[in-house]
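The values are calculated or read from the model by the stated rules, or taken from the named source; none is laboratory data. If you're wondering where the values come from, they're calculated on a predicted model, not measured in any experiment. Glycine gets a Cβ as well: all are built from the backbone with ideal geometry, and neighbour counts include every protein chain shown.
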């Protein structure tokens, strides 16, 4: 994108964020603040960071990601751990907490897809020899399905914990950890399913070890593996990043993002919908992972 277009779009987005941010600050305790300015604030900030992730280099956005990740975690630890046990401390107001977590999640959400691609590429050598009893090779698509199933199991654990989350000291921390795994595992699982889509749609989950050895040799020599590292005919990674980003927004913010008074969908139902689309977004990204890898200059094989 040309520089003057980047400048014009940046000015427009920042101006819109400031206007909506002022409205959110002025009316955050009123219905108009919760039902209009809060969702608009989330949408505009998410658009800003989606715009940034596709114009900045991996390293530059990574610094932004770290800054907002640290700020978000620090705010959560203070508000829900330190101030929870030390009752004399003043907790963050609804507006302060909403502002910090909104900007942090808007920055983190689109970058998860890139981190997923990065870590899988970095550590895939450790999982190349997924051989069961020296006879069968476990395909990564099946491993992805297993991760999704584990997340479903954790969801039922969360349902059991939720009535006692605020009644038992420290249980909120455990519930937050479970919530994080329910969110991340389907994404990593979906990415593996999408990356191995050709085998998944053929229900090819296990092969003989001899076949897997040939596949491993190709992975270790990517320049000879034209099929695995070839671009797909359909460019889907951009739509996958957008789907997964807004799926995270739905999971984390639920009725703050899609107000109940407008959509009449309960918060827990919205979270389930968000987790579903997060998995779909991951599959779409995984299917076209090679373009995402090239966009952020992620090496195909990192020892």
Next on the checklist: Can you list residue pairs whose Cβ atoms sit under 8 Å apart, with the first residue in the stretch 72-92 being in a loop (DSSP other than H, G, I, E, B) and the second being surrounded by fewer than 14 Cβ atoms within 10 Å (Cβ to Cβ)? Count only pairs 6 or more apart in sequence or on different chains.
Outcome noted: 89/82
Next on the checklist: Scan the stretch 201-210 and tell me whether some residue there is at pLDDT below 65, part of a helix (DSSP H, G or I) and surrounded by 11 or more Cβ atoms within 10 Å (Cβ to Cβ).
Outcome noted: yes
Checklist entry - Do we find that residue 106 is buried (at least 17 other Cβ atoms within 10 Å of the Cβ), within 28 Å of residue 282 (Cα to Cα), within 15 Å of the chain's Cα centre (by Cα) and modelled with pLDDT under 85 in this structure? => result no
Checklist entry - Given the conditions (1) within 24 Å of the chain's Cα centre (by Cα); (2) in a helix (DSSP H, G or I); (3) over 22 Å from residue 247 (Cα atoms), and given that residue 56 satisfies all but one, which numbered condition is not satisfied? => result (2)
Checklist entry - If only one of 280, 265 is surrounded by fewer than 22 Cβ atoms within 10 Å (Cβ to Cβ) and not in a helix (DSSP H, G or I), which one is it? => result 265
Checklist entry - buried (at least 17 other Cβ atoms within 10 Å of the Cβ) and under 16 Å from residue 115 (Cβ atoms), is that true of residue 65? => result yes
Next on the checklist: Could you go through the stretch 147-157 and let me know if any residue there is within 30 Å of residue 51 (Cβ to Cβ), modelled with pLDDT of 80 or more, more than 19 Å from the chain's Cα centre (by Cα) and exposed (fewer than 14 other Cβ atoms within 10 Å of the Cβ).
Outcome noted: no
Checklist entry - For the stretch 159-176, which residues satisfy the criterion of being assigned to a helix (DSSP H, G or I) and either at pLDDT below 85 or closer than 17 Å to residue 283 by Cβ (or both)? => result 160, 161, 162, 163, 164, 171, 172, 173, 174, 175, 176
Checklist entry - Does residue 72 satisfy the condition of being over 24 Å from residue 190 (Cα atoms), within 20 Å of the chain's Cα centre (by Cα) and at pLDDT 85 or above? => result yes
